[in-house]
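Below: the structure, in structure tokens.
The values are calculated or read from the model by the stated rules, or taken from the named source; none is laboratory data. Everything numeric in this text was worked out from a predicted model, so none of it was measured. Every residue, glycine as well, gets a Cβ built from its backbone with ideal geometry; the counts of neighbours run over all protein chains shown.
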Amino acid sequence: MELNILDLIKCETFKAYEYVVMEATPATGILYVTEDSPHFISGHIRMRGRDGGRYPFNYLEMIDNIFGKEPNTIEVCSDDVTGCFTVDIAPTNPTVMDDAQYLNKIESDRFNRWRCDPPYNEATAKKMYGTDLPSTAKLLKAGARVCKSGSLMFLLLGPQNYQACPNGVKRIGWIAITVVPNNEMRALHIFYKT
């Protein structure tokens, strides 16, 4: 059975040419899902940034608006995120202190959603968090292990187009995010555990 991304979308959409289109509310921008198979979500949005390595304003709200709220969410590299199960290698008051590249303290197939916002480069990892830069491949593999089949996985990175997927995971989206006022680029990668 083929995955239909449109079945995962919870917000209002409309058809335009060969795409299904939706607003990235409460962020500013438009997202597109290819109507023909294979479906893929893409687009460009603008968000106001926050200091201290935190998510941009309206980032989590946008995900909840588009895909629906999911109470059984794990947030890794969590820093100060609240309202879900959090994991961080630093003592920032997470639910569990653990290395997000392995999640050794978390059982398999436990969560319905995985979110991750790791440091974007080695200098930031050292300066802001006192750690080495985590491996994106290891983060995704650990995230896939702790998620149930049918889970969405959200990975916010610097501007790179990360396409590798662990076994059992399909990449279903790439959204460019311009973070104002500095116009820094971020990339939201969306994955689906099959």
Exercise for review: State whether one or more residues within the range 6-17 are within 24 Å of G158 (Cα to Cα) and outside any strand (DSSP E or B).
Suggested key: no
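Consider the range 97-130. How many of its residues are part of a loop (DSSP other than H, G, I, E, B) and either at pLDDT 95 or above or buried (at least 17 other Cβ atoms within 10 Å of the Cβ) (or both)?
Applying the first criterion (part of a loop (DSSP other than H, G, I, E, B)) to the range 97-130 yields 98-110, 117-121, 130.
Those still in the list that are either at pLDDT 95 or above or buried (at least 17 other Cβ atoms within 10 Å of the Cβ) (or both) too: 98-110, 117-120.
Going through the range 97-130 one residue at a time, the tally reaches 17.
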Review point. When A144 is evaluated against the numbered criteria (1) over 15 Å from C165 (Cα atoms); (2) surrounded by 15 or more Cβ atoms within 10 Å (Cβ to Cβ); (3) touching a Gly at 6+ places or on another chain (Cβ under 9 Å), which criterion, by number, is the only one it fails?
Key: (1)
Practice item. Would you be able to say whether some residue in the range 142-154 is within 24 Å of N112 (Cα to Cα), aromatic (F, W, Y) and modelled with pLDDT of 95 or more? Key: yes
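Taking the range 18-55, which residues are part of a loop (DSSP other than H, G, I, E, B) and among the hydroxyl-bearing types (S, T, Y)?
Let us first name the residues in the range 18-55 that are part of a loop (DSSP other than H, G, I, E, B), namely 18, 24-27, 35-40, 49-55.
Passing the criteria: T25, S37, Y55.
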Practice item. Working only within the range 1-20, note down all residues that are more than 21 Å from S151 (Cβ to Cβ) and either small (G, A, S) or exposed (fewer than 15 other Cβ atoms within 10 Å of the Cβ) (or both). Key: E12, F14, K15, A16, Y17, E18
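Of these, R186, R171, which one is farther than 19 Å from T73 by Cβ, under 12 Å from the mean Cα position of the chain (by Cα) and crowded, with 20+ Cβ neighbours inside 10 Å?
Values: R171 fails: crowded, with 20+ Cβ neighbours inside 10 Å.
The unique qualifying residue is R186.
Each row is one residue, and each column tells you yes or no for (1) of a type in the set (A, V, I, L, M); (2) farther than 22 Å from Y192 by Cβ; (3) over 15 Å from the mean Cα position of the chain (by Cα).
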site: F67; (1), (2), (3): no, no, no
site: M97; (1), (2), (3): yes, yes, yes
site: D109; (1), (2), (3): no, no, yes
site: K148; (1), (2), (3): no, no, yes
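Can you go through A176, A164 and tell me which one is closer than 19 Å to Y55 by Cβ and not in a helix (DSSP H, G or I)? Outline the logic, then answer.
Details: A164 fails: closer than 19 Å to Y55 by Cβ.
Of the residues listed, the single one that is closer than 19 Å to Y55 by Cβ and not in a helix (DSSP H, G or I) is A176.
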Practice item. Kindly indicate whether any position in the range 131-149 is acidic (D, E) and without any contact (Cβ under 8 Å) to a residue 12 or more places away in the chain. Key: yes
